[in-house]
Amino acid sequence: MKSLLNSLQEGRLVELPVNDKDKALEYLALLIEAIPDIGSGQDLVGEVKKRENEFNSGIGMGIACPHVRTVQKGELLCAVGWSPHGIDYGSSDGKKVHLVIMYYIPDSEKNEYLKEVSGLAKAVGSSPAIDMFATMTDISDIRNMLLDWVELAIDKAVPDAKARMIKLEEKSAGAAMTFSVEELKKTGFEVYPFSVVIAGSSKCLVLSANPEILEAFESSDDAFKLLEGSSNFEFKNFRVTVLSKVNYLKNRTLINCIGVRLNLK
């Protein structure tokens, strides 16, 4: 379950800004495509849609596991999208999909992928939360459920895996990943990168080319609290994803984010 654990640690668990299946697949594929370690020239969006047309990846119980294969070298990667309202996905059990776990599979990692999916299936089948996860309303609950799945799947005798789970709860993230904003915009999403500088308990300073984001965050104490306590949240007209937090001397923090406008049509 290394790939799923990495996705949680590196900020690739997001609340999907749309409930449309194709748009959700595009969004997650572009999140993976934007990871710096992935080489250029790969059409992950096209590949994942092609595979989905050939075989529906809904596995039932509100979960889908789409994937894309590549001849490129690299690590097994994944991104996780949560839809509180559910997506009409066409799964065999007829249920809406609330959790989309998308995998990027280099040829050299095929065996690791099979091991991970097998471990995931066993964890889902034995998880007490599976009966109620479709009614969860907070992404932190989804994150905790996924961590429970990882814990169920991994060998508990491996101290390194247990230690990483502890660090995941305590970490102050560095540069987790870099999003290709231009690639995201190609899908029709209005995406705006921005940064926030926080000094102690004083008002935050926002660095953004979007005046709406600047005004919204600098004029509200609620935004300050959300940025400190959440990695994904809705604020004003935006779905905000925190990409990284870097702590500096004198209790100062730099937070890098992207904002996706919610009023998509």
Legend entry - Test: GLY74 is in a loop (DSSP other than H, G, I, E, B) and over 15 Å from TYR27 (Cβ atoms): yes
Legend entry - Lone qualifier among VAL97, VAL80 - being modelled with pLDDT of 90 or more and in contact with a Gly (Cβ under 6 Å, 6 or more places away or on another chain): VAL97
Legend entry - the range 114-140 residues that are among the hydroxyl-bearing types (Ser, Thr, Tyr), paired with ones that are assigned to a helix (DSSP H, G or I) (beta carbon under 8 Å, 6 or more apart): SER126/LEU152; SER127/MET145; SER127/ASP148; SER127/TRP149; SER127/LEU152
Inset, instruction - Take the residues in the range 10-36 that are touching a Phe, Trp or Tyr at 6+ places or on another chain (Cβ under 9 Å) and part of a loop (DSSP other than H, G, I, E, B), then tell me which one is nearest to HIS98 (Cα to Cα). - result: LEU16
Legend entry - Given (1) farther than 22 Å from TRP149 by Cβ; (2) touching a residue at least 60 places away in the same chain (Cβ under 8 Å), number of the condition GLY11 does not satisfy: (1)
Legend entry - Scan of the range 36-86 for residues that are without any contact (Cβ under 8 Å) to a residue 40 or more places away in the chain, touching a Leu at 6+ places or on another chain (Cβ under 7 Å) and closer than 25 Å to ARG143 by Cα, ordered by number: VAL68
Inset, instruction - Taking ILE35 as the residue in question, decide whether it is more than 30 Å from SER127 (Cα to Cα), of a type outside the set (Asp, Glu) and at pLDDT below 90. - result: yes
Inset, instruction - Report yes if SER7 is under 22 Å from THR137 (Cβ atoms) and assigned to a helix (DSSP H, G or I), otherwise no. - result: yes
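The values are calculated or read from the model by the stated rules, or taken from the named source; none is laboratory data. On a predicted model such as this, the values are computed, not experimentally measured, just so you know. Heads up, the Cβs are rebuilt from the backbone with ideal geometry, glycines too, and the neighbour counts pull from every protein chain shown.
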